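Structure, as structure tokens:
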Amino acid sequence: MSVEVRIPTVFRRFTNQEAVASLEPGTIADLVAQLERRYPGIGDQLLAEDRQLHRFINVYLNDEDIRYLNKLETQVSEGDTVSLLPSVAGG
Amino acid sequence: MEGSGLADVVRMSRALADEMVEHCLQERPNEACGILAASNGDITKVFRMTNATRSPVRYALDPQEQFAAYKKLEESGWDLGGVFHSHTRTEAYPSPTDVRLASEDVPYVIVSLASDPPSIRAFRILKESLIDADGRIEEATVVVEEGEGDGPPDG
Ligand SMILES: [Zn+2]
């Protein structure tokens, strides 16, 4: 069993339109690294230059926002689902 | 390549359009926001959401509500058909902030309360990358179907 990462439509140009990626368990940071290896370019969309998550990306582990867990160090186990969501805002 | 092949028409019933506008009026003087569910190109549901910024000039979907709504879309087999928000005093056209922060590859529906009745227009904001501050604005067509009869099903 692996970890399921759900990819929003805005990133599917990096994933050959795949909506879900099956990855190995690890921290969120590990998963981002796995995504970047599999889909080059996607990492820069997720992490800012300070290697923290871009503020316009929200990441959920199952139903919880990882900002309220352990952020990029949040541990993801087999069978968990990670969802990436663009934050939607404007003026 | 972005934007190609996606419907650039937002088609909704009068009842759903009224529901969206009503939410915008209720939230005045702040901007209102939400998302639209679609099925086979027709809007099927309006999700009224909380403007997390509670501001007359900015909006942000509450992230937890957004997550719940997207989950509901998936469970229902619906697509994200659009994102909507209001402009309380300006025309229904994307502001520089709307372009800078645009993140979804779906029409952004803007309800302007500056006119009476409110006007509704929709735009796609095309970017090479989510992190780009610049985007190209393309207007999408909004079709509000006046049809009477059964109306949308309950629920
Ligand atoms: Zn706006």
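Based on what the data block shows, is residue B:54 open to solvent by 60 Å² or more (accessible area, probe 1.4 Å) and either polar (S, T, N, Q) or away from chain A (no Cβ under 14 Å) (or both)? Spelling it out, it is not the case that residue B:54 is open to solvent by 60 Å² or more (accessible area, probe 1.4 Å) and either polar (S, T, N, Q) or away from chain A (no Cβ under 14 Å) (or both).
Considering the stretch B:23-46, and only residues there that are more than 15 Å from residue B:107 (Cα to Cα) and within 13 Å of chain A (Cβ to nearest Cβ), the residue that is farthest from the ligand (Cβ to nearest atom) turns out to be B:30.
Conditions tested, residue by residue: (1) within 14 Å of the ligand (Cβ to nearest atom); (2) β-branched (Val, Ile, Thr).
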site: B:8; (1), (2): no, no
site: B:16; (1), (2): no, no
site: B:20; (1), (2): no, no
site: B:49; (1), (2): no, no
site: B:68; (1), (2): no, no
site: B:89; (1), (2): yes, no
site: B:107; (1), (2): yes, no
site: B:110; (1), (2): yes, yes
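Taking the stretch B:60-87 as the search range and keeping residues that are more than 9 Å from chain A (Cβ to nearest Cβ) and polar (S, T, N, Q), which one is least open to solvent (accessible area, probe 1.4 Å)? So the residue we want is B:86.
Does residue B:97 satisfy the condition of being among the polar types (S, T, N, Q), out of contact with any helix residue (DSSP H, G or I) (no Cβ under 9 Å at 6 or more places or on another chain) and within 15 Å of residue B:32 (Cβ to Cβ)? So residue B:97 does not fit the description; no. Residues that are out of contact with any Ser or Thr (no Cβ under 8 Å at 6 or more places or on another chain), within 10 Å of chain B (Cβ to nearest Cβ), more than 30 Å from residue B:90 (Cβ to Cβ) and open to solvent by 70 Å² or more (accessible area, probe 1.4 Å): does the stretch A:58-65 have at least one? Within the stretch A:58-65, one or more residues are out of contact with any Ser or Thr (no Cβ under 8 Å at 6 or more places or on another chain), within 10 Å of chain B (Cβ to nearest Cβ), more than 30 Å from residue B:90 (Cβ to Cβ) and open to solvent by 70 Å² or more (accessible area, probe 1.4 Å). Listed by first and then second residue, the pairs with beta-carbon distance under 9 Å, at least 6 apart or on different chains, first residue in the stretch A:71-87 and within 14 Å of chain B (Cβ to nearest Cβ), second open to solvent by 20 Å² or more (accessible area, probe 1.4 Å) and among the aromatic types (Phe, Trp, Tyr), are A:83/B:70; A:85/B:70; A:86/A:56; A:87/A:56. What strands (runs of 3 or more DSSP E) lie completely within the stretch B:1-88 and have 2 or more residues being without any contact (Cβ under 8 Å) to a residue 40 or more places away in the chain? In the stretch B:1-88, the matching strands (runs of 3 or more DSSP E) lie at B:42-49.
Quick check on the stretch B:93-115: of everything there that is open to solvent by 10 Å² or more (accessible area, probe 1.4 Å) and away from every other protein chain (no Cβ under 13 Å), which residue is farthest from residue B:58 (Cα to Cα)? Looking at residues that are open to solvent by 10 Å² or more (accessible area, probe 1.4 Å) and away from every other protein chain (no Cβ under 13 Å), I get B:115. Every test in (1) touching a residue at least 40 places away in the same chain (Cβ under 8 Å); (2) in a loop (DSSP other than H, G, I, E, B); (3) acidic (Asp, Glu) is passed by residue B:138 save one, and that test is (2). Put simply, of B:90, B:141 the only residue that is at the interface with chain A (Cβ under 10 Å from one of its Cβ atoms) and open to solvent by 40 Å² or more (accessible area, probe 1.4 Å) is B:90. Of all residues in the stretch B:14-40, those satisfying the criterion of being open to solvent by 40 Å² or more (accessible area, probe 1.4 Å) and either within 14 Å of the chain's Cα centre (by Cα) or of a type in the set (Asp, Glu) (or both) are B:18, B:19, B:22, B:27. Here is the figure for the stretch A:70-79: residues that are more than 28 Å from residue B:102 (Cβ to Cβ) and either open to solvent by 30 Å² or more (accessible area, probe 1.4 Å) or small (Gly, Ala, Ser) (or both) total 6.
The values are calculated or read from the model by the stated rules, or taken from the named source; none is laboratory data. Because the structure is predicted, anything quoted here is derived from the model rather than measured. When we count neighbours, we look across all protein chains shown, and the Cβ atoms used for this are built from the backbone with ideal geometry, even at glycine. Keep in mind that these areas ignore ligands, DNA and RNA; they rest on the heavy atoms of the full protein, side chains included. Shrake-Rupley method; radii C 1.70, N 1.55, O 1.52, S 1.80 Å.
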